[in-house]
1. Among the residues of region 17-36, which ones are within 21 Å of LEU95 (Cα to Cα) and acidic (Asp, Glu)?
2. Regarding LYS61, is this residue surrounded by fewer than 16 Cβ atoms within 10 Å (Cβ to Cβ), more than 21 Å from GLU146 (Cα to Cα) and not acidic (Asp, Glu)?
3. Among LEU54, LEU132, which is modelled with pLDDT of 95 or more and more than 19 Å from LYS160 (Cβ to Cβ)?
4. Tell me which residues, restricted to region 85-104, are under 17 Å from ILE151 (Cα atoms), open to solvent by 20 Å² or more (accessible area, probe 1.4 Å) and more than 13 Å from the chain's Cα centre (by Cα).
5. Working carefully through the options GLU138, GLU117, GLU106, GLU146, find the one that is under 15 Å from THR10 (Cα atoms) and among the charged types (D, E, K, R).
6. So how many residues does region 64-84 have that are of a type in the set (Gly, Ala, Ser) and open to solvent by 40 Å² or more (accessible area, probe 1.4 Å)?
7. Give me the pairs: first residue in region 145-161 and in contact (Cβ under 8 Å) with a residue 12 or more places away in the chain, second residue open to solvent by 50 Å² or more (accessible area, probe 1.4 Å) and part of a helix (DSSP H, G or I), beta-carbon distance under 8 Å, and six or more apart or on different chains, which are they?
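The values are calculated or read from the model by the stated rules, or taken from the named source; none is laboratory data. Remember, predicted model here, so these are calculated numbers, not experimental data. For neighbour counting, all protein chains shown are included, and Cβ atoms are generated from backbone atoms with ideal geometry for every residue, glycine included. The area values use the complete protein model at the heavy-atom level, side chains included, leaving out ligands, DNA and RNA. Shrake-Rupley method; radii C 1.70, N 1.55, O 1.52, S 1.80 Å.
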Amino acid sequence: MKKININTGTLLLSIPLIDDERFDKTIIIITESSKEEKIGFIINKKTNLKVIDLVKKIKIKSITTNYGGPVCAENLFYFHKNKSIEKSKKINNKLYFGGNFNQIIEYLNCKLIKSNEIFFCLGYCGWGNGQLEDEIKEKSWIVLNEQIDFISNVIDWKKKMIAFDEKYKPWVNSNRNFHLN
């Protein structure tokens with residue numbers, strides 16, 4: 001079997017009707033990949049919460065949060081496009097993760113970072129040693145090694161699935177509860 005490379009920046013697409021409903025129709029970006037663990041964030045699930053409701057110091061009212069995953073769902077994480085943020089982790093040439101939060105607040109309030117240049121999420125996804133690899137072998141996830149701009153653009157899971165393989169076309173609109181079809 002071909003070795004699967006899961007690196008920082010790798011994307012995971014959940015297969016249609018994945019067993020774990022928390023990951024139904026999700027796209028995840030991996031931010032940490034070591035032998036011991038893999039960490040990633042769901043990038044296509046919005047919440048109704050505004051960042052200003054969670055962080056009063058941020059003055060921009062239009063920035064929403066996203067559901068990043070079931071682990072530590074009360075914690076706020078962020079991706080951005082500004083390489084000058086101290087202590088941020090480079091994911092790819094145009095995407096950074098985390099960094100100095102006070103600097104993020106200042107840059108947002110001074111409009112050095114625009115609302116379409118930052119992505120906030122609550123919670124993350126985590127896998128222990130070999131767990132994600134096993135899930136991939138079981139065909140719960142499709143691995144993509146491509147760069148996408150999920151900060152400025154809404155990424156549609158259905159379109160990504162069909163673009164990956166047309167065989168998923170009949171499945172992308174299926175209801176989890178077949179009794180409702």
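1. Within region 17-36, the subset within 21 Å of LEU95 (Cα to Cα) is 26-34.
Listed by number, the list holds a single entry, GLU32.
2. yes
3. LEU54 is the lone residue from the list that is modelled with pLDDT of 95 or more and more than 19 Å from LYS160 (Cβ to Cβ).
4. So the first thing to find is which residues in region 85-104 are under 17 Å from ILE151 (Cα atoms), and the list is 85, 88-99, 104.
Retained after the next criterion (residues that are open to solvent by 20 Å² or more (accessible area, probe 1.4 Å)): 88-90, 92-94, 96-97, 99.
Listed by number, the residues that qualify are SER88, LYS89, LYS90, ASN92, ASN93, LYS94, GLY99.
5. GLU146
6. Residues meeting the conditions: 2.
7. Every condition considered, the pairs that remain are ILE151/ASN116; ILE151/GLU117; SER152/ASN116; SER152/GLU117.
Quick grid of which residues meet (1) touching a residue at least 60 places away in the same chain (Cβ under 8 Å); (2) assigned to a loop (DSSP other than H, G, I, E, B):
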{"position": "LYS56", "(1), (2)": "no, yes"}
{"position": "ASN66", "(1), (2)": "no, no"}
{"position": "GLU74", "(1), (2)": "no, no"}
{"position": "ASN82", "(1), (2)": "no, yes"}
{"position": "ILE85", "(1), (2)": "no, yes"}
{"position": "ILE91", "(1), (2)": "yes, no"}
{"position": "TYR96", "(1), (2)": "no, no"}
